[in-house]
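In what follows, a single structure is set out as structure tokens and then discussed.
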Amino acid sequence: MTIPQARPTCIDLHCHSRASDGALSPRELVFRAHERGVTHLALTDHDTIAGLPEALEAASEVGIELVSGIELSCVWRSQTIHVVGLDFDACAPALVSAIAEQHDNRWRRARTIAERLDRLKVKDLLERATQQADGDVPGRPHFARVLIEAGVVKDLNQAFKRYLGAGKPGDVRAFWPELATVIGWILDAGGQAVLAHPRKYKLTATRLRALVADFQRAGGQALEVTTSGQSSGDLGFLAELCRREGILASQGSDFHFPGAPWCELGAIPAMPEGLEPIWRRFRQPVAA
Ligand code: MN
Ligand code: MN
Ligand code: MN
């Protein structure tokens, strides 16, 4: 009998399938991750766990460890923030209903934007914006693209300046819950809350520290320290922040579609020394 050679551990805890704004089905995504050498994967679609059952089935076929995941939008000091939830009980009733409500909220906002722009007489505005969003809930950039297509405006800039930007009719606030609320959902379902791509919010260092402090106070456990396409300066900054605040570290590619050389499943820089990885806290801890 030959003992199969163990694959080196490769952990990717942030990616998207067609269940939100990714290009691949959950099944295709898991197969691609396996081909790229990923051994532990979390599918983290925006505000939905609809892709999880299909991903789980594919994962057991190819022999990947699938960790339950989601990326939840929320608000902190009027700024939209993303929180990745990992390793939670995907059947927890409170979480399931909170996610359903979050999804309804996104559609409610999209419908309100469409109604407010009704007077522009763009045929099938909401449907076309939804197509622009690949079937997911459209946001303002998707509406902007339809307005350009319909010849109402000449570019994105004009679309926002006239119809979608601050104070304009299509400027409908997202109905996102507070940061502490979504962290609570994840913790109550037995999971780990990770502050996604902390450098993407373009916050000053002072403001980012304030965010991290509030995140920890609400029970959040980790920062997403390594992600694809991030500068080494940002990586060093986040690693230092983790060490100083004693917060755990997570990593993920934030993969959405094939063909982007800067963002591929499993292609994540090595975790800097001296950080404690979030996966040691999983219900089935990963040794790496
Ligand atoms: Mn996305
Ligand atoms: Mn995000
Ligand atoms: Mn993402």
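Residues in the stretch 79-105 that are open to solvent by 40 Å² or more (accessible area, probe 1.4 Å) and either charged (D, E, K, R) or touching a Leu at 6+ places or on another chain (Cβ under 6 Å) (or both): Asp89, Glu101, Asp104. Does the stretch 2-15 contain any residue that is more than 14 Å from the chain's Cα centre (by Cα), more than 16 Å from ligand 2 (Cβ to nearest atom), farther than 23 Å from Arg281 by Cβ and not polar (S, T, N, Q)? Yes, some residue in the stretch 2-15 is more than 14 Å from the chain's Cα centre (by Cα), more than 16 Å from ligand 2 (Cβ to nearest atom), farther than 23 Å from Arg281 by Cβ and not polar (S, T, N, Q).
In summary, Glu240 fulfils each of the numbered conditions (1) without any contact (Cβ under 8 Å) to a residue 12 or more places away in the chain; (2) more than 21 Å from Leu275 (Cβ to Cβ) with the single exception of condition (2).
Could you tell me whether the stretch 137-145 includes any residue that is open to solvent by 50 Å² or more (accessible area, probe 1.4 Å), more than 19 Å from the chain's Cα centre (by Cα) and not acidic (Asp, Glu)?
So in the stretch 137-145, the residues open to solvent by 50 Å² or more (accessible area, probe 1.4 Å) come out as 140-141, 145.
Now drop any that are not more than 19 Å from the chain's Cα centre (by Cα), which leaves 145.
Right, trim to not acidic (Asp, Glu) and you get 145.
Checking the stretch 137-145: at least one residue is open to solvent by 50 Å² or more (accessible area, probe 1.4 Å), more than 19 Å from the chain's Cα centre (by Cα) and not acidic (Asp, Glu).
Identify, please: which residue in the stretch 12-37 is part of a loop (DSSP other than H, G, I, E, B) and more than 16 Å from ligand 3 (Cβ to nearest atom) and is, among those, surrounded by the fewest Cβ atoms within 10 Å (Cβ to Cβ)? Talk me through it step by step, then tell me what you get.
Looking only at the stretch 12-37, we keep the residues that are part of a loop (DSSP other than H, G, I, E, B), and these are 13-14, 16-25, 36-37.
Now narrow it down to the ones that are more than 16 Å from ligand 3 (Cβ to nearest atom): 25, 36-37.
Working: Ser25: 16, Arg36: 16, Gly37: 14.
Step by step, filter the stretch 12-37, then rank; the result is Gly37.
Taking the condition over 19 Å from Asp118 (Cβ atoms) and more than 15 Å from ligand 2 (Cβ to nearest atom), does Asp136 pass? Here the answer is no, as Asp136 does not meet what is asked. The C-beta contact set for the stretch 197-211 (first residue of a type in the set (Lys, Arg), second residue part of a helix (DSSP H, G or I), distance under 6 angstrom, 6+ apart or interchain) comprises Arg199/Asp234. Counting only residues that are at negative phi, assigned to a loop (DSSP other than H, G, I, E, B) and open to solvent by 60 Å² or more (accessible area, probe 1.4 Å), the stretch 146-188 holds 5 of them.
Can we say Leu235 is free of Cβ contacts under 8 Å to residues at least 40 places away in the same chain, away from ligand 1 (no atom under 16 Å from the Cβ), not acidic (Asp, Glu) and not in a helix (DSSP H, G or I)?
Working: free of Cβ contacts under 8 Å to residues at least 40 places away in the same chain: yes; away from ligand 1 (no atom under 16 Å from the Cβ): yes; not acidic (Asp, Glu): yes; not in a helix (DSSP H, G or I): no.
Considered against the rule, which asks whether it is free of Cβ contacts under 8 Å to residues at least 40 places away in the same chain, away from ligand 1 (no atom under 16 Å from the Cβ), not acidic (Asp, Glu) and not in a helix (DSSP H, G or I), Leu235 comes out as no.
The values are calculated or read from the model by the stated rules, or taken from the named source; none is laboratory data. Just so it is clear, the structure is predicted and the values come from calculations on it, not from any experiment. Cβ sites come from the backbone with ideal geometry, for glycine too, and all protein chains shown count toward neighbours. We work out accessible area using only protein heavy atoms, side chains counted, and drop any ligands, DNA or RNA first. Shrake-Rupley method; radii C 1.70, N 1.55, O 1.52, S 1.80 Å.
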